[in-house]
Amino acid sequence: MKGVVLAAGHGSRLLPFTSFRPKHLLPVAGKPILHRSIEYMRDMLDIDDIIIVVGYQRNAIIDYFKNGEDLGINISYVIQHTNQAHGLAAAVNLIEDKISNDFVVLLGDNLFSANLKKVIDLHTSSNAAATLHIEEHENPQRFGVVEIDENDNVISLEEKPKNPKSNYVISGFYVFSPIIFQMISGLQPSARGEYELTDAIQRLVDNNYKVKVSKINGWRLDIGYPEDLLAVNKHYLNEKTHKILGNIKNSNIVPPVYIAEDCEINSSTIGPYVMIEKGVKVENSEIKNSVILENSKLERVFISDSVVGTNSEVIGLKAHSLKVGDYSFIRNGVI
């Protein structure tokens, strides 16, 4: 099977950290979100032929991954332009001429711990037209909601309903047969002005195609807000990803952390659950559960549960849940 990763979005909910890069290249324990998604496809799903649908700041993604040779896979690209139709169904429709067999779709801002190879196996063994990974959620109205029968067949789907028929939501992982393209053809935009993938899957159900669901335990993180970036870094920072590559002087490091190369940490306490990108300088500071993006400078600060943007300078500040945008300057608590 080919794998398709949808990574065209603007990431507006992650502003200001997506002003100068796509959200899919924001870091998780030293690697971009999209890098980890593609490694997941390669290592957990045995997929080595991947199409990335790109849009916003697409050149940054293309320059990073190129043809996938460095990851031992083949990567190609399809562009979703801003003047084209919006929505997940519109994005999937763009790859029709590259697909001849069943294929996997993964939302590029979702990361999983479960082995979703079982979803592919169910799809193949049941001869389904589509198979969805679903999970229970306490706020299903924020997602695509699925109503199922006792045999895990889909009865109905609805995107972000006000009155959900269940608390089962689509997790952002799908397996499709090429018949999905026929269902996308002729779709009308939803009330949100988007071509919804849930509407296309509902058309499969309405036309008596088999649509299955799979519930596999394991965490899934949808990285939509800055606090999600902190949460996913906390999940990934462990013994395997704990690394100190920078220059540490007279400092206390509390594992797990990721400190990239070309960093200078002086007379500071760092950790736990801190990711610091390359080129960062920290002096006389304490940092906990935070993400510091590249080439920033922090001096005489105490911060926790915070994200500091690229090329920022923060001096003389004590803060919790701080969100400092790229190229920001904060001195003695004044922005």
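The values are calculated or read from the model by the stated rules, or taken from the named source; none is laboratory data. Bear in mind that the values here come from a model prediction, so they are computed numbers and not experimental data. FYI the Cβ positions are ideal-geometry reconstructions off the backbone, even for glycines, and counts take in every protein chain you see.
Quick look at the values:
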| quantity | calculated |
| --- | --- |
| Any hit, region 19-37, residues being within 15 Å of the chain's Cα centre (by Cα), β-branched (Val, Ile, Thr) and more than 21 Å from Ile259 (Cβ to Cβ) | no |
| Pro255 vs. criteria surrounded by fewer than 17 Cβ atoms within 10 Å (Cβ to Cβ) and in contact with a Pro (Cβ under 7 Å, 6 or more places away or on another chain) | yes |
| Members of region 61-72 found to be over 20 Å from the mean Cα position of the chain (by Cα) and in a loop (DSSP other than H, G, I, E, B), listed by number | Asn67, Gly72 |
| Members of region 243-254 found to be touching a Gly at 6+ places or on another chain (Cβ under 6 Å) and at pLDDT below 95, listed by number | none |
| Meets criteria (closer than 23 Å to Leu106 by Cα and under 24 Å from the mean Cα position of the chain (by Cα)) for Glu277 | no |
| Strands (runs of 3 or more DSSP E) within region 274-335 that include 3 or more residues among the polar types (S, T, N, Q), out of contact with any Ser or Thr (no Cβ under 8 Å at 6 or more places or on another chain) and assigned by TED's automatic domain parsing to the domain that holds Leu14 | none |
| Enumeration of residues in region 122-143 that are in a strand (DSSP E or B) and in contact with a helix residue (DSSP H, G or I) (Cβ under 6 Å, 6 or more places away or on another chain) | Ala130, Thr131, His133 |
| Residue among Val105, Val146, Val119 that is assigned to a helix (DSSP H, G or I) and among the β-branched types (Val, Ile, Thr) | Val119 |
| Odd one out for Tyr209 among (1) in contact with a Ser or Thr (Cβ under 6 Å, 6 or more places away or on another chain); (2) crowded, with 17+ Cβ neighbours inside 10 Å; (3) not basic (Lys, Arg) | (1) |
